[in-house]
Amino acid sequence: MQSVDADRSDRPGVIAVVPIGSLEGAKSRLGATLDAEERRDLVTRLIRRTIEATTGTPGIDETIVVTPDDEVRGLALELGARPIRQRDQGLNQGLREGRAEVEAAGADALLVLPIDLPLVSGDALASLLAELDDPRRPLAVLVPDRHGRGTNALLLSPPGAIEFCFGGDSRTAHIDCAQSRGVHVVEVDGPLTLDLDTPADLLAFEALAPEVVVGETADAH
């Protein structure tokens, strides 16, 4: 008979959930700066960068990609992630579907990571995961966007610590939900506060991560 500790060691510690919508029409708010093909190329590079970061970070045991897009699921498989088809519409609903998979695996923590963070890296994720050393549970670790309104990453232990409140002023919504449930909240600054959402973001981040914003096509001009 297996000991409890032996059985426990087979369970994953942290699973990343990466929500990705359809490639068609992605990042439409960048339409004034990039045409449809350029936006699609940008999103594809961001997907690769994000999944490579999660699958290459030792503290992350598995990456689940939740998406309705067949092409994205194929790319996720190629990069070593586990894709699941999103059944219902909406970011928060997709994340709930991902969380069901995380909880079924018995993971201790869930990391929600959008794909529009151009400075995402293994080091940045390792720094975020270090917050799990805090013994207080339940725990919600939140990375706000640079405007202090949105949520660029969310680390929950246990995975069901709070509800997903992405959209609008999600930073405040997540903190309010955590406080109402007695969940300890930690906010983390750093490179993950930078996201690509508007033309101004593109200009701000092109110098920081040109290979993401401009891509290989820049070499052809």
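The values are calculated or read from the model by the stated rules, or taken from the named source; none is laboratory data. Keep in mind it's a predicted model, so treat the numbers as computed, not measured. Cβ atoms come from the backbone with ideal geometry, glycine included; neighbour counts cover every protein chain shown.
Inspect the range 68-87 for any residue being at pLDDT below 95 and either crowded, with 19+ Cβ neighbours inside 10 Å or among the polar types (S, T, N, Q) (or both) and give the result as yes or no.
No: the range 68-87 contains no residue that is at pLDDT below 95 and either crowded, with 19+ Cβ neighbours inside 10 Å or among the polar types (S, T, N, Q) (or both).
Restricting attention to the range 85-95, which residues are of a type outside the set (Gly, Ala, Ser) and touching a Gly at 6+ places or on another chain (Cβ under 9 Å)?
The answer is Gln86, Arg87, Asp88, Leu91, Asn92.
Find all pairs meeting these conditions: Cβ atoms under 7 angstrom apart; at least six residues apart or on different chains; first residue within the range 112-131 and in contact (Cβ under 8 Å) with a residue 12 or more places away in the chain and crowded, with 17+ Cβ neighbours inside 10 Å; second residue aromatic (Phe, Trp, Tyr) and part of a helix (DSSP H, G or I).
From residues that are in contact (Cβ under 8 Å) with a residue 12 or more places away in the chain and crowded, with 17+ Cβ neighbours inside 10 Å, the pairs are Pro118/Phe205.
Of everything in the range 88-118, what is of a type in the set (D, E, K, R), within 14 Å of Gly21 (Cβ to Cβ) and more than 16 Å from the chain's Cα centre (by Cα)? Give them in sequence order.
Selection gives Asp88 alone.
Sort out which residues of the range 192-201 are farther than 15 Å from Ile115 by Cβ and part of a helix (DSSP H, G or I), and write them in order of number.
Hits for the range 192-201 are Thr193, Pro199, Ala200.
Got a number for residues in the range 32-73 being in a loop (DSSP other than H, G, I, E, B) and free of Cβ contacts under 8 Å to residues at least 12 places away in the same chain?
Of the residues in that region, 1 qualify.
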